[in-house]
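Here's the structure, in structure tokens; my notes come after.
The values are calculated or read from the model by the stated rules, or taken from the named source; none is laboratory data. On a predicted model such as this, the values are computed, not experimentally measured, just so you know. As a convention, Cβ positions derive from the backbone with ideal geometry for all residues, glycine included, and neighbour counts pool all protein chains shown. Areas reflect the complete protein model, heavy atoms only, side chains present, ligands, DNA and RNA absent. Shrake-Rupley method; radii C 1.70, N 1.55, O 1.52, S 1.80 Å.
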Amino acid sequence: GSKPLPLLIQAVPFTAFPFLLLGWSAQHLTAGLLAMLNATAPLFAALLAHWVFKEHLGRWRALGLVLGFAGVGLLSAGSAAMRNQLGLLAVAAVLFVSSLWAVGANYTKRHLQGMDPLALTVGSLGVAALAMAPLAVLQWPAQAPGLRAWLEVVFLGVASSGAGFILYYRLLTRVGAVKAMSVTFLNPVVA
């Protein structure tokens with residue numbers, strides 16, 4: 001069925017805003033550090049599942065969370081992966097994005113359950129694109145991007161984000177938020 005309000009809520013704070021923050025953070029961090037920080041999303045999802053939804057963590061999962069966050073702290077402590085003085089703020093922004101995605105995954109699972117993954121992907125990314133369009137207009141370059149840049153944007157939007165979101169929403173329905181978000185563990189490998 002039609003779920004316009006939940007889709008709007010999912011698309012703006014859990015899709016558009018995180019992509020905006022990631023884009024800003026990418027200007028201040030190396031791709032490797034950004035990907036590693038973004039891969040903390042399942043850690044935040046596990047904390048949310050434990051503290052809010054009362055899922056039992058167990059000793060090994062708790063140890064994994066402690067080690068995961070300690071690793072993030074250790075790798076973020078050095079300034080080598082930060083491009084400028086805003087690096088620490090960018091680290092905080094990416095960790096905030098990861099926590100937003102943890103909340104967003106649980107929100108989507110609870111409020112958009114049963115929606116076709118393709119419709120959810122098109123709706124979410126479409127609404128997110130519309131929400132960010134005014135910022136794109138304000139930042140439009142003096143010289144319009146060339147054909148290659150437009151083709152790259154289309155490829156990233158359709159093949160990377162679009163296909164990725166379809167798979168993610170299918171996983172979210174089948175295995176739940178924490179396990180579905182585990183795909184972000186691949187980010188550092190790809191980066």
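Just check segment 6-55 against the gyration tensor rule for me: Cα atoms, a ≥ b ≥ c as the square roots of the eigenvalues, rounded for a/c under 1.5, and otherwise prolate or oblate depending on whether a/b exceeds b/c.
Values: a/c = 4.08, a/b = 1.32, b/c = 3.10.
Oblate is the answer for segment 6-55, as a/c is 1.5 or above yet b/c matches or exceeds a/b.
Between segment 155-169 and segment 48-63, what is the separation of their alpha carbon centroids in Å?
After rounding, the separation between the Cα centres reads 30 Å.
Would you look at the GNM of the chain, springs on alpha carbons closer than 10 Å, and say which of V158, V127, V12 moves the most?
Most flexible of the set in this elastic network: V158.
Compute a Gaussian network model of the chain, connecting alpha carbons closer than 10 Å, and tell me which residue from N106, N84, N38 fluctuates the most.
Largest GNM mean-square fluctuation: N84.
Any idea how far the Cα center of segment 97-137 sits from the one of segment 15-42, in Å?
17 Å
Quick one: order V52, V91 from most to least accessible surface, probe 1.4 Å.
Details: V52 85, V91 15 Å².
Final ranking, largest accessible area leading: V52, V91.
Using modelled amide H (1.01 Å from N, peptide plane; none on Pro or chain starts), what sits under 5 Å from the amide H of L29, excluding residues fewer than 5 places away?
R83
Counting only protein heavy atoms and using a 1.4 Å probe, what share of the accessible area of segment 1-123 belongs to carbon plus sulfur, as a whole percent?
Percent of accessible area from carbon and sulfur atoms in segment 1-123: 73.
Can you give the accessible area per residue of the chain, in Å², using a 1.4 Å probe?
Ligands and nucleic acids excluded, the figure is 59 Å² per residue.
Report, in debye and to the nearest 20, how large the dipole of the chain comes out about its Cα centre when Lys and Arg carry +1 and Asp and Glu carry -1 on their Cβ.
With Lys and Arg at +1 and Asp and Glu at -1, about 440 debye.
If the viscosity is 1.306 mPa s and the temperature 10 °C, what Stokes-Einstein diffusion coefficient in µm²/s follows for the chain when Rh is the Kirkwood radius over Cα pairs?
The estimated diffusion coefficient comes to 90 µm²/s.
For S124, S160, S99, write out the residues from largest to smallest accessible area, computed with a 1.4 angstrom probe and no ligands counted. Mind dumping the intermediate values first?
On the way: S124 0, S160 65, S99 35 Å².
Listed by decreasing accessible area, they come as S160, S99, S124.
Looking at the calculated P(r) for segment 103-175, what percent of the C-alpha pair distances fall above 15 Å?
Distances greater than 15 Å cover 64 percent of the Cα pairs.
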